Amino acid sequence: MSAVLGADAHHHHGPAKGFKRWLFTTNHKDIGTMYLWFSFAMFLIGGTMALVIRAELFEPGMQIVHPEFFNQMTTMHGLIMVFGAVMPAFVGLANWLIPMMVGAPDMALPRMNNWSFWILPFAFAMLLSTLLMEGGGPNFGWTFYAPLSTTYAPASVNYFIFAVHMMGISSIMGAINVIATILNMRAPGMTLMKMPLFVWTWLITAFLLIAVMPVLAGAVTMMLMDINFGTSFFKAEGGGDPVLFQHVFWFFGHPEVYIMILPAFGVASQIIPTFSRKPLFGYPSMVYATASIAILSFVVWAHHMFTVGIPLAGELFFMYATMLIAVPTGVKVFNWVSTMFRGSLTFETPMLFAVAFVILFTIGGFSGLMLAIAPADFQYHDTYFVVAHFHYVLVPGAIFSIFAATYYWLPKWCGNMYDETLGKVHFWMSFIGLNMTFFPMHFVGLAGMPRRIPDYALQFADFNQISSVGAFVFGTTQLLFLFIVIKCIRGGKKATAQVWEGADGLEWTLPSPAPYHSFSEPPTVK
Amino acid sequence: MATQQSYYVPEQSKWPIIATVGLFLTLSGLATVMVNKSGGDTSTGWWMFSIGVAVMVYMLFGWFGNVAKESMAGLYNAQMDRSFRWGMSWFIFSEVMFFSAFFGALFYVRFLAVPWLAGEGEGTMNTLLWSNFEGSWPLLHNPDPKVFPGPEAVINPWSIPLLNTVLLLTSSVTITFAHHAIKKNDRDKVKLWLALTILLGAVFLGFQVYEYIEAYHELNLTLDSGIYGTTFFMLTGFHGMHVTLGAIILTVILLRYMKGHFSAEHHFGFEAAAWYWHFVDVVWVCLFVLVYIM
């Protein structure tokens, strides 16, 4: 540690002044910070759209928005949360943490790192601007199935396509940077099997990103050609097939859901050992489980398409392959629980979020298994049960892990402790709000309420009202999160270098706040 | 990894944000053209596009210029070199996956969608949609010929495509000769083999253009002639764009070599371009077998 402090004194200088610091930066911490703030802004915008949806669904019948606008809200909410909130948040965490965790001076390709970030605000400006265009924004669902997104799409779909291209370019460059950093920038002695699990999960996530984002680019390119240049990828009249779109999209889409959850697994695997004051149980099995999930994710895509009319052999293959994923996922949950078993547990805010992550993500996993059963899926398909399922993996899964990570590493980032009482209030309000919002959706879904429709039958009213109240509780609580973070940045109890009693890893050997340049001289790992 | 102390972390750079603005103008310009193409005014879109491309070109010169300068100043150590190698390898992998999406689409329509439309399997698509439709590959008669008149014939693989295969395979050999010559510091041979590689690429592209003209004017094989034309032009078209890009990259590399940017030991710029060229070559072999012959 002393070597690090000494090195910092004579190496490089601090950040530049003014806006140029942010526009021209090559520093992994600056870029990580920008990613995280951008992600939070998108989280609030996408969340506001969710509240428009929930307000409309508070009562049966048409209430406040036009159905056409409702469709744009469901579409944009999904796109913004997936590509604008969750993915950039994890890239932000990767930027901040990976160089510190592997003992590197910065990311491997710092200028490209800056480019990866700055593409995002421009891409989302392009996407959001479609809402103001003639004919409205994308209204075909975040999965943008053809022909809804081609033959019947509003003209603004062209902007949507190029916005997706930009997001893809950003993600691929970000992922290349992460892989190059992890493979090439580790401190001496940091062998692969000594890497923190957050680094491992990101290595595998980055591989998934590079493998599937180009396929998404292919899908939107086919759309662009069908719309503008008379090709017939998705037109049966010319020998194509609308179902082709779904195959290409879900070949991207299923690995994409693991892109959004594997780094969350990594975060939980960092936090739970700290607050259990025990090393992680089953480290190698965690690594192998993560890799297995990633590999399996390439051969399960058609479980999203059980009802489109694929051959029986296909239904069976994709059903069993999907269920196989429960095995490595079960290994992970077992390991987290075993880590806590007979540990000296304390429940600071990051641990609360991490424990809730394990429990609630497991619920989302189980409803996923129900959906994996092809004959049962014929009933559940396109109902609110699906909405309940994927929100249970994304909100208490991805989003809770991001909250947990923020509370866990924020003292390292800004040098101050956050307000523990307010953090706990944030946790409990979020916990109650999200369960109120999404648990009733299981019931209305099983009873047959279709998703993506602005109106519903009267018997679903009670549960929908509970959902809507829960959504507003959850949504407004996130303003408290903003307040807590700003308060922590502006001041508070000074954090020690280790911050948490049981914390282990290279990032905790750096002082808090972490110096502008991480490890100018590589630390040695035993 | 003891060399880590000297890992070069560049100071602030204006190029990424310039690149972002260029990319944004280029793509939003294209989108604006497409939104307005039927009846609207496309000039705004074309202006945005042109300015965007100009900004991108300016950025490429500036950014790569910086990298070349830093490299020649000896700022890059062996570890930095490995970062570039990982970066280029994974970029090429992403390109492989992009092409995979289109090859996947080709397999799907050829072996599943078209037979199903023709009545194969348990479905009833044939009777419900176009009961006269008979599937075949190449698909010369589309399900609805009024909307999508099919091509009269397809390109004979044993004419220009075979010649093009020979050209590209030869160019992969010539670029390897150039690489060997760089290592031996045989400057004249490097220039000769690199120039020959670029020439082979250019001739390939010329033949490809000739083939496209023939397809459009004599065979009615077009982008909008149904799924055969769709997959044919999208796959060969994207490949052609990559050959064009590869040839431009090689030209820049040749000019940089003549300015003395590369030594017998340090020439990753050249190697990256060669990797890219080999990748484009492999894609062509897949195209030749899977699109033209089969």
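The values are calculated or read from the model by the stated rules, or taken from the named source; none is laboratory data. Predicted model only: the values in this text are computed from it and were never measured. When we count neighbours, we look across all protein chains shown, and the Cβ atoms used for this are built from the backbone with ideal geometry, even at glycine.
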Query - Number of positions in segment A:227-238 that are surrounded by fewer than 24 Cβ atoms within 10 Å (Cβ to Cβ) and touching a residue at least 24 places away in the same chain (Cβ under 8 Å) - result: 2
Query raised in the report: A:LEU280 passes all but one of (1) part of a helix (DSSP H, G or I); (2) touching a residue at least 60 places away in the same chain (Cβ under 8 Å); (3) not acidic (Asp, Glu); which number fails?
Result: (1)
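Can you pull out the helices (runs of 4 or more DSSP H) entirely within segment B:116-218 that have at least 3 residues that are within 25 Å of the chain's Cα centre (by Cα) and surrounded by 14 or more Cβ atoms within 10 Å (Cβ to Cβ)?
Filter on segment B:116-218 gives B:160-183, B:187-218.
So if I check each of A:LEU410, A:LEU422, A:LEU345, which one is surrounded by fewer than 20 Cβ atoms within 10 Å (Cβ to Cβ), closer than 27 Å to A:ARG490 by Cα and out of contact with any Pro (no Cβ under 7 Å at 6 or more places or on another chain)? Show your work before the answer.
Details: A:LEU410 fails: surrounded by fewer than 20 Cβ atoms within 10 Å (Cβ to Cβ); A:LEU345 fails: closer than 27 Å to A:ARG490 by Cα.
From the options A:LEU410, A:LEU422, A:LEU345, the qualifying one is A:LEU422.
Every residue, every condition in (1) closer than 21 Å to A:ALA153 by Cβ; (2) at the interface with chain B (Cβ under 10 Å from one of its Cβ atoms); (3) part of a helix (DSSP H, G or I); (4) of a type in the set (Ser, Thr, Tyr), yes or no:
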| position | (1), (2), (3), (4) |
| --- | --- |
| A:TYR35 | no, no, yes, yes |
| A:ALA50 | no, no, yes, no |
| A:GLN63 | no, no, no, no |
| A:THR75 | yes, no, yes, yes |
| A:MET87 | no, no, yes, no |
| A:LEU97 | no, no, yes, no |
| A:MET101 | no, no, yes, no |
| A:MET112 | no, yes, yes, no |
Query - Scope segment B:62-98; condition aromatic (Phe, Trp, Tyr) and within 23 Å of the chain's Cα centre (by Cα); matching residues - result: B:TRP63, B:PHE64, B:PHE84, B:TRP86, B:TRP90, B:PHE91, B:PHE93, B:PHE98
Query raised in the report: Taking A:ILE261 and the conditions (1) β-branched (Val, Ile, Thr); (2) within 14 Å of another protein chain (Cβ to nearest Cβ); (3) closer than 28 Å to A:HIS303 by Cβ, which numbered condition does it fall short on, given that it satisfies the others?
Result: (2)
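Can you name the residue in segment A:171-215 that is under 20 Å from A:VAL243 (Cα atoms) and out of contact with any His (no Cβ under 9 Å at 6 or more places or on another chain) and, of all such residues, is farthest from the other protein chains (Cβ to nearest Cβ)? Spell out the reasoning first.
As a first pass, look at segment A:171-215 and keep what is under 20 Å from A:VAL243 (Cα atoms): A:212-215.
With out of contact with any His (no Cβ under 9 Å at 6 or more places or on another chain) added as a condition, the list becomes A:213-215.
Details: A:MET213: 7, A:PRO214: 4, A:VAL215: 5 Å.
My answer is A:MET213.
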Query - Selection count, segment A:121-155, where residues are surrounded by 24 or more Cβ atoms within 10 Å (Cβ to Cβ) and at the interface with chain B (Cβ under 9 Å from one of its Cβ atoms) - result: 1
Report task. Identify, from the list B:LEU200, B:LEU235, B:LEU205, B:LEU194, the residue that is within 28 Å of B:THR174 (Cα to Cα), touching a residue at least 24 places away in the same chain (Cβ under 8 Å) and within 14 Å of another protein chain (Cβ to nearest Cβ). Result -> B:LEU235
Requested in this report: Output yes when any residue across segment B:246-257 is assigned by TED's automatic domain parsing to the domain that holds B:ALA153, touching a residue at least 60 places away in the same chain (Cβ under 8 Å) and among the aromatic types (Phe, Trp, Tyr), and no when none is.
Outcome: yes
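Just give me the residues in segment B:156-195 being among the small types (Gly, Ala, Ser) and closer than 23 Å to B:LEU223 by Cα, in sequence order. Walk me through how you get there before you give the answer.
Within segment B:156-195, the subset among the small types (Gly, Ala, Ser) is B:159, B:171-172, B:178, B:181, B:195.
The one that is among the small types (Gly, Ala, Ser) and closer than 23 Å to B:LEU223 by Cα: B:SER159.
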Report task. Just give me the residues in segment B:64-82 being in contact (Cβ under 8 Å) with a residue 60 or more places away in the chain and of a type in the set (Gly, Ala, Ser), in sequence order. Result -> B:ALA68, B:SER71, B:ALA78
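Take A:TRP500 and tell me if it is in a loop (DSSP other than H, G, I, E, B), at pLDDT 95 or above and within 30 Å of A:SER344 (Cα to Cα). Can you show your working first?
Numbers: in a loop (DSSP other than H, G, I, E, B): yes; at pLDDT 95 or above: yes; within 30 Å of A:SER344 (Cα to Cα): yes.
Against the criterion (in a loop (DSSP other than H, G, I, E, B), at pLDDT 95 or above and within 30 Å of A:SER344 (Cα to Cα)), A:TRP500 qualifies.
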Query raised in the report: If you take the residues in segment B:141-155 that are of a type outside the set (Gly, Ala, Ser) and more than 7 Å from chain A (Cβ to nearest Cβ), which one is farthest from B:LEU221 (Cα to Cα)?
Result: B:LYS146
Query raised in the report: Can you find a residue in segment A:174-191 that is closer than 19 Å to A:LEU127 by Cβ and either in contact (Cβ under 8 Å) with a residue 60 or more places away in the chain or not aromatic (Phe, Trp, Tyr) (or both)?
Result: yes
Query raised in the report: Filter segment A:503-524 for residues that are part of a loop (DSSP other than H, G, I, E, B) and polar (S, T, N, Q); which is surrounded by the fewest Cβ atoms within 10 Å (Cβ to Cβ)?
Result: A:THR524
Report summary line: Those residues of segment A:453-495 which are out of contact with any Pro (no Cβ under 8 Å at 6 or more places or on another chain), more than 25 Å from A:PHE431 (Cβ to Cβ) and surrounded by 15 or more Cβ atoms within 10 Å (Cβ to Cβ) amount to none
Report task. Could you check, for segment B:56-63, whether at least one of its residues is touching a helix residue (DSSP H, G or I) at 6+ places or on another chain (Cβ under 6 Å), farther than 23 Å from A:VAL212 by Cα, facing chain A (nearest Cβ under 9 Å) and not aromatic (Phe, Trp, Tyr)? Result -> no
Query - Boolean, A:GLY218 is over 14 Å from A:PRO147 (Cβ atoms) and facing chain B (nearest Cβ under 7 Å) - result: yes
